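Since the structure comes first, as structure tokens, the remarks are kept for the end.
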Amino acid sequence: MPSVIALDAMGSERAPKPEIEGAIQAARHFGVSVLLVGPEDILRAEMANHPAVDDLPIDVIHASEVITMEDKAALAVRAKRDSTMRVGLRLVRDGRAVGFITAGNTGAAMATAKITLGMIPGVDRPALAATFPTALGTAATLLDVGANVDCTPENLEQFAVMGETYYRSMFGTRRPRVGLLSIGEEESKGNELTRNAFQLLKQLPLNFVGNVEGRDLYNGQLDVIVADGFVGNVALKISEGVANLVRATLKETLKATITRQVGYLLSRSAFSDFKKRLDHTEYGGAPLLGVKGVCFITHGSSNANAIKNAVRVAAEFAERKINESIEKELAGLKTLVAPQG
């Protein structure tokens with residue numbers, strides 16, 4: 001049986017168009033079943049623009065309320081009990097779907113996931129893990145990228161275990177290289193949080209390479225980078241801004257300097273390859289590691305390609321039983337550090 005993914009069809013800035021188009025592409029190319037969650041009349045009207053959808057494993061689950069980007073997360077989670085987020089996550093909790101995806105309000109999604117799904121034993125706080133390309137053509141994962149503004153050293157220790165398990169399971173790397181994001185490579189560098197976290201991480205049975213700097217995120221020498229949510233989110237947003245600048249500048253430069261037709265076509269092909277390599281929509285959003293079910297959060301500006309790949313990655317996450325692996329690793333960590341009697 002194909003995996004079933006619940007998709008918040010009203011989360012993105014242009015909802016429900018990219019969600020429905022992405023769901024159609026995912027169902028067609030990956031054979032994944034998708035449950036579109038949202039006001040049924042709105043979703044049916046948009047689906048009518050896609051006649052071929054009747055032959056695909058896509059269905060609609062009604063939810064009467066939508067949590068907007070302007071809503072305060074804590075209030076919205078309590079007040080909107082029939083929101084697309086809560087209805088979708090209930091589908092995961094009740095076993096009708098193996099995963100949930102939203103491009104909506106990140107804070108509300110995290111709060112709703114914690115309430116509806118609960119936490120994996122051994123995890124104090126969930127973490128958002130973002131994956132991006134490196135200079136060597138590999139991928140790296142940074143966590144946390146915004147779930148927790150303030151963290152303890154123990155939180156970063158748990159993030160390291162979850163991130164390493166996630167990377168190993170998704171990318172097949174036997175011993176992922178784990179680094180702690182700081183302001184210098186020396187063990188003594190950083191603030192109190194990173195210095196104390198360093199002492200915890202170096203005792204873990206992981207391939208911990210020590211402190212790393214922001215310039216190391218994309219050089220391909222690391223697989224997993226650990227940070228608190230404040231620093232991680234700033235690093236991610238700066239990276240996205242630089243990637244957009246590079247794409248726009250390169251495109252304008254090519255237009256201004258290429259005159260011969262053959263050269264233009266060759267450069268255009270190279271630029272397309274370059275653009276795809278830097279395209280965050282190819283990576284399918286960020287999993288919320290630490291909650292019991294599968295929950296992915298994507299950009300509010302997500303297009304159909306981002307939604308399609310989020311569905312694919314969420315299904316892979318569930319099929320590879322990554323949450324079970326995380327729980328096992330954390331249980332083993334507790335045994336490792338337990339005092340000997």
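If you check ASP71, ASP124, which single one turns out to be assigned to a loop (DSSP other than H, G, I, E, B), farther than 30 Å from ALA197 by Cβ and acidic (Asp, Glu)?
Values: ASP124 fails: farther than 30 Å from ALA197 by Cβ.
Going through ASP71, ASP124 in turn, the sole match is ASP71.
Conditions tested, residue by residue: (1) at pLDDT 95 or above; (2) among the small types (Gly, Ala, Ser); (3) surrounded by fewer than 18 Cβ atoms within 10 Å (Cβ to Cβ).
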site	(1), (2), (3)
LEU289	yes, no, no
CYS295	yes, no, no
GLY300	no, yes, yes
GLU329	no, no, no
LYS334	no, no, yes
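Given the conditions (1) buried (at least 16 other Cβ atoms within 10 Å of the Cβ); (2) in contact with a helix residue (DSSP H, G or I) (Cβ under 7 Å, 6 or more places away or on another chain), and given that HIS62 satisfies all but one, which numbered condition is not satisfied?
(1)
Looking for whichever is of a type in the set (Gly, Ala, Ser) and either under 30 Å from PRO205 (Cβ atoms) or in a strand (DSSP E or B) (or both) here; the options are ALA76, ALA97, ALA129. Which one fits?
Details: ALA76 fails: either under 30 Å from PRO205 (Cβ atoms) or in a strand (DSSP E or B) (or both); ALA97 fails: either under 30 Å from PRO205 (Cβ atoms) or in a strand (DSSP E or B) (or both).
That would be ALA129, the only listed residue that is of a type in the set (Gly, Ala, Ser) and either under 30 Å from PRO205 (Cβ atoms) or in a strand (DSSP E or B) (or both).
Would you check which residues across the range 15-50 are closer than 23 Å to THR68 by Cβ, surrounded by fewer than 21 Cβ atoms within 10 Å (Cβ to Cβ) and in contact (Cβ under 8 Å) with a residue 12 or more places away in the chain and list them? Spell out the reasoning first.
Of the residues in the range 15-50, the ones closer than 23 Å to THR68 by Cβ are 15-23, 34-47.
Right, trim to surrounded by fewer than 21 Cβ atoms within 10 Å (Cβ to Cβ) and you get 17, 21, 39-42, 44-47.
Across the range 15-50, the qualifying residues are LYS17, GLU21, PRO39, GLU40, ILE42, ARG44, GLU46, MET47.
Residue-by-condition table, conditions (1) crowded, with 17+ Cβ neighbours inside 10 Å; (2) free of Cβ contacts under 8 Å to residues at least 24 places away in the same chain; (3) under 29 Å from PRO121 (Cβ atoms); (4) in contact with a Phe, Trp or Tyr (Cβ under 6 Å, 6 or more places away or on another chain):
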{"site": "MET162", "(1), (2), (3), (4)": "yes, no, yes, no"}
{"site": "ARG174", "(1), (2), (3), (4)": "no, yes, yes, no"}
{"site": "GLY184", "(1), (2), (3), (4)": "no, no, no, no"}
{"site": "ARG195", "(1), (2), (3), (4)": "no, yes, yes, no"}
{"site": "LYS202", "(1), (2), (3), (4)": "no, yes, yes, yes"}
{"site": "PRO205", "(1), (2), (3), (4)": "no, no, yes, no"}
{"site": "PHE208", "(1), (2), (3), (4)": "yes, no, yes, no"}
{"site": "TYR218", "(1), (2), (3), (4)": "yes, no, no, no"}
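If you take the residues in the range 43-97 that are closer than 13 Å to ASP8 by Cα and among the polar types (S, T, N, Q), which one is farthest from the chain's Cα centre (by Cα)?
SER64
The values are calculated or read from the model by the stated rules, or taken from the named source; none is laboratory data. All values derive from a computational prediction rather than experimental measurement. Cβ: placed from backbone, ideal geometry, glycine included. Neighbour counts: every protein chain shown.
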